[in-house]
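No value in this document is a laboratory result; all are computed from the given coordinates. Just so it is clear, the structure is predicted and the values come from calculations on it, not from any experiment. Cβ placement follows ideal geometry from the backbone for every residue including glycine, while neighbour counts extend to all protein chains displayed.
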């Protein structure tokens, strides 16, 4: 594990920063729904910034099942 929050554990603003800027500021506090730590890296062709998002296993599976 990377010691990072699951992407779904981030607030909408934090998710937007990750997708558009590719990072979060050091010392951020996860403000989203998922309390589990990140375990899987996901990068999509739709990301504005060519960097990964990190999910727990459950949220990664859910996200990938919804990708069309």
Q. Picking from 48, 68, which residue would you name as being exposed (fewer than 12 other Cβ atoms within 10 Å of the Cβ) and touching a residue at least 24 places away in the same chain (Cβ under 8 Å)?
A. 48
(Q) Checking the condition over 9 Å from the mean Cα position of the chain (by Cα), free of Cβ contacts under 8 Å to residues at least 40 places away in the same chain and surrounded by 14 or more Cβ atoms within 10 Å (Cβ to Cβ), which residue from 3, 27, 32 passes? (A) 32
